[in-house]
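Worksheet: the structure to be examined is printed underneath.
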Amino acid sequence: MTNLPQIGKMAPNFLTIGIYKNRLGKIRLSDYHGKKYVLLVFYPANFTSVSPTELIELSNRINDFQQLSTQILAISTDSPFSHLQYLLANRSQGGLGKLNYPLVSDLNQTITRKYHLLTNDGLSFPGIFIIDKEGIIQYYTVNNLLCGRNIDELLRVLKSIQYIQENPGQACPVDWRNGDQILYSHPLKSKAYFKKLYLNKSK
């Protein structure tokens with residue numbers, strides 16, 4: 001049985017064709033190792049109902065991801081030529097228009113299978129993987145085909161992952177955002193946090 005992708009393990013590498021600024025080019029995941037985090041966004045297929053709302057909003061928020069040294073790669077089992085038509089189609093007609101990151105083609109479904117997201121219909125479940133600069137999977141989620149994802153939450157999780165990697169021994173509590181109080185991974189060191197939070201509250 002093929003091993004499932006796991007937190008703390010190397011993300012399955014791939015080499016395929018992507019479309020960026022209406023041009024075809026090779027996309028290799030390992031090219032980002034040592035340089036950037038990668039937000040790998042699987043979506044069901046071009047011209048599906050929920051996908052353009054997510055892909056366009058990710059493009060609108062590109063500066064937020066760039067500030068976190070993160071490259072977005074959006075991938076489906078469509079051909080590069082289908083991707084090009086999707087990008088050329090007007091947004092008012094369900095197309096994407098210009099995007100600020102590549103669309104990646106997985107026509108032979110190899111990548112989607114490696115990440116265990118292939119549906120029985122040959123589509124991809126909406127999965128997201130946060131891969132760090134060493135190529136290690138730090139986070140992933142898989143959604144229902146008809147449930148859109150939350151970009152603010154993706155950014156919050158990305159920031160928390162980067163924070164704990166830059167600050168060994170610390171941890172981010174529930175709903176943590178930049179500037180919030182942190183925990184320590186050692187349980188005894190975190191007693192001060194729990195005391196402050198819960199001392200005067202009912203049990």
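A few remarks follow.
- Among the candidates I75, I136, I131, residue that is within 23 Å of Y37 (Cβ to Cβ), surrounded by fewer than 20 Cβ atoms within 10 Å (Cβ to Cβ) and among the β-branched types (V, I, T): I136
- Pairs, first touching a residue at least 60 places away in the same chain (Cβ under 8 Å) in the stretch 43-63, second in a helix (DSSP H, G or I) and open to solvent by less than 20 Å² (accessible area, probe 1.4 Å), C-beta under 7 Å, six or more apart: Y43/S51; Y43/E54; Y43/L55; P44/S51; E57/I151; L58/I151; R61/I151
A quick yes/no check of all residues on (1) part of a strand (DSSP E or B); (2) open to solvent by 10 Å² or more (accessible area, probe 1.4 Å); (3) at pLDDT 95 or above:
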{"position": "I17", "(1), (2), (3)": "yes, yes, yes"}
{"position": "G34", "(1), (2), (3)": "no, yes, yes"}
{"position": "S49", "(1), (2), (3)": "no, yes, no"}
{"position": "E54", "(1), (2), (3)": "no, yes, yes"}
{"position": "L58", "(1), (2), (3)": "no, no, yes"}
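- Candidates are the residues of the stretch 89-113 that are part of a helix (DSSP H, G or I) and modelled with pLDDT of 95 or more; the one that is nearest to E153 (Cα to Cα) is T112.
- For first residues located in the stretch 84-96 and without any contact (Cβ under 8 Å) to a residue 40 or more places away in the chain and farther than 21 Å from G25 by Cβ, partners that are open to solvent by less than 40 Å² (accessible area, probe 1.4 Å) and in a helix (DSSP H, G or I) and lie 6+ apart or on another chain with Cβ distances below 9 Å form the pairs R91/P52; R91/I56.
- Across the stretch 139-157, the number of residues qualifying as without any contact (Cβ under 8 Å) to a residue 12 or more places away in the chain and either charged (D, E, K, R) or under 20 Å from K36 (Cα atoms) (or both) comes to 2.
- Test: residue in the stretch 143-152 that is part of a loop (DSSP other than H, G, I, E, B) and over 25 Å from I62 (Cα atoms): no
- Residues that are more than 14 Å from R23 (Cβ to Cβ) and part of a helix (DSSP H, G or I), drawn from the stretch 77-88: S82, Q85, Y86
- Any chance Y101 is in contact (Cβ under 8 Å) with a residue 40 or more places away in the chain and open to solvent by 30 Å² or more (accessible area, probe 1.4 Å): no
- Y193 being farther than 29 Å from G127 by Cα, touching a strand residue (DSSP E or B) at 6+ places or on another chain (Cβ under 9 Å) and either open to solvent by 50 Å² or more (accessible area, probe 1.4 Å) or in a helix (DSSP H, G or I) (or both): yes
- Flag if S79 is over 28 Å from I7 (Cβ atoms) and small (G, A, S): yes
- Residue match in the stretch 21-31 (condition: under 16 Å from the mean Cα position of the chain (by Cα), on the phi < 0 side of the Ramachandran plot and in a loop (DSSP other than H, G, I, E, B)): no
- All of P173, P126 fail the test of being assigned by the TED database to the domain that holds L73 and either more than 19 Å from Q6 (Cβ to Cβ) or modelled with pLDDT under 95 (or both), apart from P126.
The values are calculated or read from the model by the stated rules, or taken from the named source; none is laboratory data. Remember, predicted model here, so these are calculated numbers, not experimental data. With ideal geometry, Cβ positions are generated from the backbone for all residues, glycine too; neighbour counts draw on all protein chains shown. The protein model used for the area step is the full one, side chains on, heavy atoms only, and it has no ligands, DNA or RNA in it. Shrake-Rupley method; radii C 1.70, N 1.55, O 1.52, S 1.80 Å.
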